[in-house]
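First, the structure itself, so that you have it in front of you.
The values are calculated or read from the model by the stated rules, or taken from the named source; none is laboratory data. Owing to the predicted nature of the structure, the values given are computational and were not obtained by experimental measurement. Backbone-built Cβ (ideal geometry, glycine too); neighbour counts: all protein chains shown. Ligands, DNA and RNA are excluded from the accessible area calculation, which covers all protein heavy atoms including side chains. Shrake-Rupley method; radii C 1.70, N 1.55, O 1.52, S 1.80 Å.
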Amino acid sequence: MTATSLTALAESQLTAAREASAGRAAVTVYGGQEHDLRQTLIALADGRALGEHESPGEATLQVLRGRVRLQAGEDAWEAAAGELLVVPDARHDLAALEDAVVLLTVATSAIPAH
């Protein structure tokens with residue numbers, strides 16, 4: 001078994017996001033092609049966004065730090081540290097309302113085959 005400090009990882013990724021021209025940084029915490037579960041820590045500097053993209057499949061976002069807005073079409077949800085959002089099965093965008101770090105959890109076996 002391995003243990004990962006999400007607090008330390010969030011801090012280092014947020015530092016990287018602040019220094020990156022795109023204002024974001026991400027690292028896979030667990031998973032990959034050999035696993036059905038994938039967890040990715042994503043850091044966004046204040047005011048930055050991922051941009052609209054397709055749903056990754058069945059997924060949740062746990063806000064570890066800061067505040068974010070998840071928007072899909074006309075629907076939008078805001079969440080702060082300690083809150084969990086279910087990612088809609090639709091094109092969506094994630095924006096940081098302040099420096100923010102989220103843990104994206106995706107069940108890759110739930111991704112439909114193309």
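In the range 59-80, is there at least one residue being part of a loop (DSSP other than H, G, I, E, B), open to solvent by 30 Å² or more (accessible area, probe 1.4 Å), within 14 Å of L14 (Cα to Cα) and touching a helix residue (DSSP H, G or I) at 6+ places or on another chain (Cβ under 7 Å)? Full working, then the answer.
Filtering the range 59-80 for residues part of a loop (DSSP other than H, G, I, E, B) gives 66, 73-74.
Cutting the leftovers down to open to solvent by 30 Å² or more (accessible area, probe 1.4 Å) gives us 73-74.
From the residues that got through so far, the ones that are within 14 Å of L14 (Cα to Cα) too are none.
Within the range 59-80, not a single residue is part of a loop (DSSP other than H, G, I, E, B), open to solvent by 30 Å² or more (accessible area, probe 1.4 Å), within 14 Å of L14 (Cα to Cα) and touching a helix residue (DSSP H, G or I) at 6+ places or on another chain (Cβ under 7 Å).
Please state which one of S55, S109 is outside any loop (DSSP other than H, G, I, E, B) and not basic (K, R).
S109
I'd like the full set of residues that are on the phi > 0 side of the Ramachandran plot and surrounded by 14 or more Cβ atoms within 10 Å (Cβ to Cβ), limited to the range 39-58.
Across the range 39-58, the qualifying residue is only G57.
Count, please, the residues in the range 39-59 that happen to be within 18 Å of S109 (Cβ to Cβ) and among the small types (G, A, S).
Result for the range 39-59: 3.
Another question about this same structure. Only one of Q33, Q62 is in contact (Cβ under 8 Å) with a residue 24 or more places away in the chain and polar (S, T, N, Q). Can you tell me which?
Q62
Out of all the residues in the range 1-32, which are assigned to a strand (DSSP E or B) and either β-branched (V, I, T) or within 21 Å of T108 (Cβ to Cβ) (or both)?
A26, V27, T28, V29, Y30
Let me ask something else. Give the residue, chosen from T15, T108, T28, that is at pLDDT 95 or above and either in contact with a helix residue (DSSP H, G or I) (Cβ under 8 Å, 6 or more places away or on another chain) or under 30 Å from T2 (Cβ atoms) (or both).
It is T15.
Among (1) surrounded by 13 or more Cβ atoms within 10 Å (Cβ to Cβ); (2) in contact with a helix residue (DSSP H, G or I) (Cβ under 8 Å, 6 or more places away or on another chain); (3) closer than 29 Å to S109 by Cβ; (4) not β-branched (V, I, T), which single condition is D36 missing?
Only one criterion in (1) surrounded by 13 or more Cβ atoms within 10 Å (Cβ to Cβ); (2) in contact with a helix residue (DSSP H, G or I) (Cβ under 8 Å, 6 or more places away or on another chain); (3) closer than 29 Å to S109 by Cβ; (4) not β-branched (V, I, T) is unmet by D36, namely (1).
Determine which member of the set D46, D93, D89 is in a strand (DSSP E or B) and acidic (D, E). Give the derivation first.
Numbers: D46 fails: in a strand (DSSP E or B); D89 fails: in a strand (DSSP E or B).
After ruling out the rest, the residue left standing is D93.
I'm checking my understanding of the structure. Among residues of the range 81-96 that are open to solvent by 30 Å² or more (accessible area, probe 1.4 Å) and touching an Asp or Glu at 6+ places or on another chain (Cβ under 7 Å), which one is modelled with the lowest pLDDT?
Applying the filter and picking the extreme gives R91.
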